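The values are calculated or read from the model by the stated rules, or taken from the named source; none is laboratory data. Not measured: the values here are computed from a predicted model. Here the Cβ is made from the backbone with ideal geometry for all residues, glycine too, and neighbour counts use every protein chain on show. All accessible areas refer to the heavy atoms of the entire protein, side chains included, with ligands and DNA or RNA removed. Shrake-Rupley method; radii C 1.70, N 1.55, O 1.52, S 1.80 Å.
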Amino acid sequence: MVNTMNEEKISMIERYGENFTKKEFITDPAIAREDEIKQCMLILLTPEKSALLVGKPGIGKTAIVEGIAYRIQRGMVPDVLKDWELIKINITSLLGSSVSEGQVENRIDLLVKELETRDKTILFIDETHVLVNKNTAQNGGIDFANMLKSGLDRGAIKMVGATTTEEYEQYILRDRAFLRRFQKVDVVESDQPTTVKILMGTYPKLEKKLGVKLGYTDFIKEKIMAFIVEMTDEYKRVYEVAARYPDICLTILQNAFSYALFDNESEVKIKHVYKAVCNARNIYEDAKVKEIARFKEVFADLIREENVDLEDTD
């Protein structure tokens, strides 16, 4: 009896990909990134070119790609890009082999073949430097870049990549043959007013995901967001991977929601924001002491109105 399971053609995209264009977006995931999104779209419309987002960690490169998918969903793109799909693939998932139509084949080969026969598909690969750095454990010594080059050359594969500035300079610049298939899109860290807008656009996603409301007027909400942004100013940060706008602020905001959940409360109140501020691990301790004191001054009316015992919330 023939084992029909081994005869099936396996889709690498369906098995290992995440379809961003089928993702549920509560709000625009790429606030104030219109320029970068436009640049990416123009590059994708250019024959035999793909886009490469380059910037520091934690500044929202993946959010830009989600912003493209969001706009495709809503028809907010040039006609030629309508009905396209944007698929995220993790390189590590492509290590090893799979049986397709009775043949054992390398997964990256299967992906390349599938993309060459699939219309209207954009591939998103984060940490694109891994493609050209075949000596790392992340890719098992496989030369992913060389396998993708021919498809990128012919325009059969359209791709958006993302990498950090450091890794771009260390790895990608060394592979000129791979680099010329791409056009670089510089992504800079958002400024403070823009980061406040990003936080204001992000909290509804947290509300829906966690079932907890931020229980204040828009004026108070924006005041809270502004405080979080100001307390994580560049000169107050302990520099780590996510210690930049907007990620450093999103971490504190998410923690405030977590404290409300922990307290079995349906609303995030000022005591939960205070806890998140007190326990922020990505700013220097001396800066945090000053910010805690400032918090008590800025939100004195709310603290008094809600009868919050701050000694009990530290």
Sparse-neighbourhood loop sites, trypsin sites (Lys or Arg not before Pro) in the stretch 23-86 - DSSP loop, at most 14 other Cβ within 10 angstrom: K23, R74, K82
For the stretch 173-254, what are Rg and Dmax over the alpha carbons, in angstrom? 16.8, 54
If you place +1 on the Cβ of every Lys and Arg and -1 on the Cβ of every Asp and Glu, how big does the dipole about the Cα centre of the chain come out, in debye to the nearest 20? 720 debye
Amide H neighbours of I122 under 5 Å, counting only residues 5+ apart in sequence or on other chains, H built in-plane at 1.01 Å? E85, L86, I87
Quickly work out the L45-to-A300 label distance, labels modelled 7 Å from Cα along the C-beta direction, and quote it in nm with one decimal. 5.6 nm
Can you give the FRET efficiency to the nearest 0.05 for R176 and T92, using r as the Cβ-Cβ distance and R₀ = 30 Å? 0.70
Using +1 at the Cβ of each Lys and Arg and -1 at the Cβ of each Asp and Glu in the chain, identify which of V229, L148, G58 lies farthest towards the dipole's positive end. L148
Can you compute the radius of gyration and Dmax for the stretch 159-314, using only the Cα atoms, both in Å? 18.6, 64
How are the C-alpha pair distances of the chain spread across 20 Å bins, as whole percents from the shortest bin up? 29, 48, 21, 2
Just the accessible area for S190, please: 1.4 Å probe, Å², rounded to the nearest 10? 10 Å²
In the stretch 245-286, chymotrypsin sites (Phe, Trp or Tyr not before Pro) in a DSSP loop with at most 14 other beta-carbon atoms within 10 Å: Y284
Per-residue ³J(HN,Hα) for the stretch 90-95, Karplus 6.51 cos²θ - 1.76 cosθ + 1.60, θ = phi - 60°, Hz, x for Gly and Pro: 8, 4, 4, 6, 9, 6
Amide H to amide H under 5 Å from L53: which residues, 5+ apart in sequence or cross-chain, H placed 1.01 Å off N in plane? G161, A162, T163, V185
Estimated Rh, the stretch 6-71: Kirkwood, alpha-carbon pairs, angstrom: 13.8 Å
For the stretch 113-250, divide the Cα radius of gyration by the Kirkwood radius and give the resulting Rg/Rh value with two decimals. 1.10
So what is the calculated 222 nm ellipticity per residue for the chain, using -39500 (n - 2.57) for each DSSP H run with n of 4 or more, over all residues, to the nearest 500 deg cm²/dmol? -13500 deg cm²/dmol
Return one whole number: the accessible area per residue of the stretch 174-312 in Å², for a 1.4 Å probe. 54 Å²
Where a Cα-Cα gap under 20 Å defines reach, which aspartates and glutamates qualify for K290, not counting those fewer than 8 residues away within the same chain? E230, D233, E234, D301, D309, E311, D312, D314
So how much slack lies between V238 and M76, counting 0.36 nm per residue of separation and subtracting their Cα-Cα distance, in nm? 54.5 nm
Under unit Cβ charges (Lys, Arg +1; Asp, Glu -1), what dipole magnitude, rounded to 20 debye, does the stretch 1-90 have relative to its Cα centre? 240 debye
Can you spot the lysines whose alpha carbon is less than 27 Å from K9's alpha carbon? Ignore those fewer than 8 places along the same chain. K22, K23, K88, K113, K120, K149, K158
Can you give me the angle between helix 144-154 and the longest principal axis of the chain, using Cα atoms only, in degrees from 0 to 90, rounded to the nearest 10? 70 degrees
At 1.4 Å probe size, with the rest of the protein present, what percent of the exposed accessible area of the chain is carbon and sulfur atoms? 47 percent
